[in-house]
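Encoded as structure tokens, the structure appears first; notes follow it.
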């Protein structure tokens with residue numbers, strides 16, 4: 001073993017003596033050695049490290065000691081903050097190595113001083129709630145050093161304040177900004193350039209790769225080593241960034257910002273204000289033409305619907321009209337010039353999406369509560385991703401608890417073009433056969449049955465009695481979740497926490513505090529939720545988590561695989577679902593002292609030939625089909 005890693009991770013090593021509660025894990029030590037070897041020799045490593053391995057320390061220790069420039073990318077901003085504020089300082093102190101670290105987030109995570117100064121002119125600020133939020137932001141502005149809006153933790157993530165006081169790629173003035181010299185984002189990027197190790201997230205990594213931003217040059221500094229944690233999320237994020245998209249909210253915000261800039265910098269061309277109104281109305285009317293449901297739809301729906309086609313044409317016409325009204329005002333002010341540039345960029349994207357087929361891309365739309373988005377997404381991202389990696393010559397580590405299907409990494413490597421990468425797997429150090437029981441009940445109908453969710457809840461009720469609540473019920477659709485919630489209300493003797501009733505973090509905290517709660521959630525609760533101890537003793541999954549066959553992006557990719565003679569169900573859909581199931585099951589055992597039951601209701605797991613792929617991908621839980629074994633398992637507590 002690498003002597004340096006041995007001295008750090010061995011049973012009598014540095015970390016055991018320096019960090020209270022730290023214990024030796026063979027898998028962690030081996031992973032640290034593998035990462036150290038990669039740094040020394042170069043190349044690409046794809047590494048799965050089961051829950052409880054301690055992969056963060058396993059990659060951070062060799063990275064810190066390498067004295068190379070390192071970028072670590074995580075899946076979410078919460079994980080980014082945890083790594084930077086907790087894991088990194090703990091390990092840096094234990095190793096006793098000087099290290100300059102920086103945290104870098106996307107543009108919209110930083111207070112924009114220019115937009116804060118303009119916020120009171122925005123019509124959206126003229127409510128009592130917004131005036132209160134703005135005054136709190138202004139008070140915080142005077143004391144913040146970094147401008148990271150995460151510091152304002154008492155203001156919800158979805159508060160209407162944020163678009164007023166943060167900038168986006170669309171509305172940032174760049175070096176033309178009157179307060180550019182005080183910009184928090186510019187300062188954050190300077191700190192990243194000067195740091196030895198920079199912590200980012202996948203959205204920022206992919207934004208840099210796709211060269212989406214202008215005005216600040218490269219988003220990320222050059223690095224010798226990239227470490228991608230929670231790497232299973234990367235293909236989907238990358239797909240979003242390597243395509244094109246235009247949203248209704250972008251159009252209405254463009255109109256609003258143009259109006260504000262007009263009042264400040266011009267005031268003598270009322271026809272411009274009229275054009276802003278026309279663009280806003282066209283965008284809002286188009287949203288209504290897509291229908292009330294929140295969904296993702298195939299482009300052919302636009303092509304066969306004359307009203308939608310007319311609405312699309314009208315929206316483009318009003319956007320082009322705004323450009324024509326702004327052109328004569330060029331040079332009147334930085335705000336109006338910026339709006340002209342934004343409008344031209346959005347029109348270019350709109351035309352790339354709407355005009356003509358592209359055999360290598362998928363066109364589709366999605367609807368949100370008050371907005372819509374039209375998209376053009378590449379069928380495959382392996383080529384663009386490989387090219388982006390080639391522009392960043394470095395060593396690469398991709399790691400997650402869920403990358404392999406059984407022993408195979410083919411799906412993940414194929415998605416990102418990593419066929420030449422080395423691979424390694426380390427199983428979880430937890431004693432799953434004694435800590436966890438996997439229960440597949442008898443007698444359930446096929447998941448296609450209209451009464452399937454009712455049958456699931458009937459089977460779940462005695463399990464909840466045995467576990468005394470303390471359960472996550474995870475569903476593969478919002479419709480099933482709502483049906484289950486309706487069936488359980490009034491029948492469950494435990495507190496119910498239902499996705500959508502409160503923000504995710506608040507819901508999990510209430511569940512944890514209750515001690516005997518039952519939380520009902522969909523895909524957003526399948527990963528990134530960590531409830532250790534007895535508060536979560538049971539995870540129920542209603543169906544095998546196959547992606548929705550109605551999703552236009554998925555359907556186009558499956559069709560392309562069929563045209564090439566492949567079997568997309570076995571080569572893509574089943575492996576993807578197996579990885580998602582492994583994520584959901586990963587909520588259960590989070591610590592060496594945890595015990596819990598995993599209940600998977602879907603009878604296809606044992607009736608279909610592909611069931612073995614799921615079975616081979618899961619941790620080695622003890623297994624049963626008998627309710628009496630479930631009751632006995634919980635009586636052992």
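The values are calculated or read from the model by the stated rules, or taken from the named source; none is laboratory data. Not measured: the values here are computed from a predicted model. Neighbour counts run over all protein chains shown; Cβ positions are idealised from the backbone, glycine included.
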Selection status of residue 520, farther than 25 Å from residue 435 by Cβ and without any contact (Cβ under 8 Å) to a residue 60 or more places away in the chain: no
Unmet criterion (only one of (1) in the same structural domain as residue 459 (by TED's automatic domain parsing); (2) on the phi > 0 side of the Ramachandran plot) for residue 406: (1)
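Just one of 231, 207, 266 is farther than 27 Å from residue 370 by Cβ and assigned by TED's automatic domain parsing to the domain that holds residue 421; which is it? Lay out the reasoning, then the answer.
On the way: 207 fails: farther than 27 Å from residue 370 by Cβ; 266 fails: assigned by TED's automatic domain parsing to the domain that holds residue 421.
None of the other options fit; the residue is 231.
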Here is a list of conditions, (1) closer than 21 Å to residue 177 by Cα; (2) buried (at least 20 other Cβ atoms within 10 Å of the Cβ); (3) without any contact (Cβ under 8 Å) to a residue 60 or more places away in the chain, and residue 331 meets all of them except one; can you say which number that is? (2)
Write out, first by first residue and then by second, each pair whose Cβ atoms fall under 8 Å of each other, whose residues are 6+ apart or on separate chains, and whose first residue, in region 149-163, is more than 15 Å from residue 138 (Cα to Cα) while the second is surrounded by fewer than 15 Cβ atoms within 10 Å (Cβ to Cβ) and at pLDDT 85 or above. 160/129
Within region 500-510, can one find any residue that is without any contact (Cβ under 8 Å) to a residue 40 or more places away in the chain and crowded, with 20+ Cβ neighbours inside 10 Å? yes
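If a residue must be more than 21 Å from the chain's Cα centre (by Cα) and assigned to a loop (DSSP other than H, G, I, E, B), how many such residues does region 502-518 contain? Please lay out each step first, then the result.
At the first step, the residues of region 502-518 found to be more than 21 Å from the chain's Cα centre (by Cα) are 510-518.
Those still in the list that are assigned to a loop (DSSP other than H, G, I, E, B) too: 515-517.
Total meeting the criteria: 3.
Take residues that are buried (at least 21 other Cβ atoms within 10 Å of the Cβ) and not assigned by TED's automatic domain parsing to the domain that holds residue 583 and tell me which of the strands (runs of 3 or more DSSP E) falling wholly in region 1-117 contain 2 or more.
In region 1-117, 44-49, 70-74 are the strands (runs of 3 or more DSSP E) which contain 2 or more residues that are buried (at least 21 other Cβ atoms within 10 Å of the Cβ) and not assigned by TED's automatic domain parsing to the domain that holds residue 583.
Would region 392-400 turn up any residue that is out of contact with any strand residue (DSSP E or B) (no Cβ under 6 Å at 6 or more places or on another chain) and at pLDDT below 90?
Scanning region 392-400, I find at least one residue that is out of contact with any strand residue (DSSP E or B) (no Cβ under 6 Å at 6 or more places or on another chain) and at pLDDT below 90, so the answer is yes.
Given the residues 486, 468, 419, 442, which is the only one that is without any contact (Cβ under 8 Å) to a residue 12 or more places away in the chain and in the same structural domain as residue 623 (by TED's automatic domain parsing)? Please lay out each step first, then the result.
On the way: 468 fails: without any contact (Cβ under 8 Å) to a residue 12 or more places away in the chain; 419 fails: in the same structural domain as residue 623 (by TED's automatic domain parsing); 442 fails: without any contact (Cβ under 8 Å) to a residue 12 or more places away in the chain.
Checking each option against the conditions leaves just 486.
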Residue check, residue 292 without any contact (Cβ under 8 Å) to a residue 12 or more places away in the chain, over 27 Å from the mean Cα position of the chain (by Cα), surrounded by fewer than 17 Cβ atoms within 10 Å (Cβ to Cβ) and within 20 Å of residue 247 (Cβ to Cβ): no
Conditions: (1) within 35 Å of the chain's Cα centre (by Cα); (2) within 27 Å of residue 121 (Cα to Cα); (3) surrounded by 14 or more Cβ atoms within 10 Å (Cβ to Cβ). Residue 299 meets all but one. Number of the miss? (2)
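Within region 302-314, is even one residue assigned by TED's automatic domain parsing to the domain that holds residue 255, touching a helix residue (DSSP H, G or I) at 6+ places or on another chain (Cβ under 6 Å) and closer than 30 Å to residue 176 by Cα? Step through it out loud before you land on a result.
Start the filter on region 302-314 by keeping residues that are assigned by TED's automatic domain parsing to the domain that holds residue 255, which leaves 302-314.
Next cut, touching a helix residue (DSSP H, G or I) at 6+ places or on another chain (Cβ under 6 Å) only: 302, 307-308, 311, 314.
Now narrow it down to the ones that are closer than 30 Å to residue 176 by Cα: none.
Taking every residue of region 302-314 in turn, none turns out to be assigned by TED's automatic domain parsing to the domain that holds residue 255, touching a helix residue (DSSP H, G or I) at 6+ places or on another chain (Cβ under 6 Å) and closer than 30 Å to residue 176 by Cα.
If you check residue 283 against the conditions, is it part of a helix (DSSP H, G or I), at pLDDT 95 or above and not assigned by TED's automatic domain parsing to the domain that holds residue 118? First the steps, then the outcome.
Values: part of a helix (DSSP H, G or I): yes; at pLDDT 95 or above: yes; not assigned by TED's automatic domain parsing to the domain that holds residue 118: yes.
Judged against the criteria, residue 283 is a match.
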Looking for whichever is touching a residue at least 40 places away in the same chain (Cβ under 8 Å) and more than 30 Å from residue 72 (Cβ to Cβ) here; the options are 107, 124. Which one fits? 124
